[in-house]
Amino acid sequence: MLITHDTECALSILVKLLNTAPEVCGAERLSDVAALDAFVVRQEISEIDSLTEDDLRRVHELRTRLREVFATESTAEAAELVNSIVAAAGTTPRLTDHDGHDWHIHYFAPHAALGDHLAAELGMALAFILVAGERERLRRCEAPDCARVFVDLSRNRSRRYCDSRTCGNRLHVAAYRARQRSAEAVPSA
Ligand SMILES: [Zn+2]
Ligand SMILES: [Zn+2]
């Protein structure tokens, strides 16, 4: 699949953002401006100054719209969503090599508000996935009690769980125990 390292980084931020939602975590992980600020620092999102309640509200709204892309049934449907997300952000692509990084493109307008910054960067990362014909890599975890999303970047598109160490293993353990129980329930001949 032809996606750049920068797109991969943006997709990683996208997944982390979507998985902060209350419908995923049981509680809002980005519950206040301080939590949003910590997210920006942790994800090394550049050119962000001070954040406000308005930024928080807009990031929550954006998160809902980005998550809808993972629920689409066709590339046409996904493209329409991505187009409207990116258009609303007002992008201005420009080359940069800030902070010792290799040359890469920033899609957000200089010093854009966080909501617009993320809409441009994460929207474009989704656009590249769609252009590569890889919408089906945008997945929701198959564990029954898990609402997390992930982007399957495995070579053979075989990933089914958000995090194989938790959801994948948990299911294996549950299936093993179920087999044990039914084996015990069978009366011996
Ligand atoms: Zn950058
Ligand atoms: Zn999961």
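The values are calculated or read from the model by the stated rules, or taken from the named source; none is laboratory data. These figures come from a predicted structure and were not determined experimentally. Here the Cβ is made from the backbone with ideal geometry for all residues, glycine too, and neighbour counts use every protein chain on show. Accessible surface is based on the protein model in full, side chains and every heavy atom, while ligands, DNA and RNA are left aside. Shrake-Rupley method; radii C 1.70, N 1.55, O 1.52, S 1.80 Å.
The table for this structure:
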read-out: Exclusive hit being open to solvent by 30 Å² or more (accessible area, probe 1.4 Å) and at pLDDT below 95, set Glu68, Glu47, Glu53; value: Glu47
read-out: The stretch 99-120 residues that are in a strand (DSSP E or B), paired with ones that are surrounded by 10 or more Cβ atoms within 10 Å (Cβ to Cβ) (beta carbon under 6 Å, 6 or more apart); value: His104/Asp6; Ile105/Pro93; His106/Arg94; His106/Thr96
read-out: Residue check for Ile13: open to solvent by less than 40 Å² (accessible area, probe 1.4 Å), of a type outside the set (S, T, N, Q) and not in a helix (DSSP H, G or I); value: no
read-out: Candidate set from the stretch 132-189 (those that are among the β-branched types (Val, Ile, Thr) and open to solvent by 50 Å² or more (accessible area, probe 1.4 Å)); member that is modelled with the highest pLDDT; value: Thr166
read-out: Ala109 being closer than 25 Å to Leu30 by Cα, surrounded by 12 or more Cβ atoms within 10 Å (Cβ to Cβ) and in contact with a His (Cβ under 9 Å, 6 or more places away or on another chain); value: yes
read-out: Qualifying residue in the stretch 68-76 (condition: assigned to a helix (DSSP H, G or I), in contact with a helix residue (DSSP H, G or I) (Cβ under 9 Å, 6 or more places away or on another chain), within 19 Å of Arg135 (Cβ to Cβ) and among the aromatic types (Phe, Trp, Tyr)); value: yes
read-out: Test: Ala76 is modelled with pLDDT under 95 and of a type in the set (A, V, I, L, M, F, W, C); value: no
read-out: Yes/no for Ala125 being outside any loop (DSSP other than H, G, I, E, B), open to solvent by less than 40 Å² (accessible area, probe 1.4 Å) and in contact with a Cys (Cβ under 9 Å, 6 or more places away or on another chain); value: yes
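Yes or no, residue by residue, for (1) of a type in the set (A, V, I, L, M, F, W, C); (2) under 20 Å from Val33 (Cβ atoms); (3) away from ligand 2 (no atom under 16 Å from the Cβ):
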site	(1), (2), (3)
Thr64	no, yes, yes
Arg94	no, no, yes
Ala125	yes, no, yes
Val131	yes, no, yes
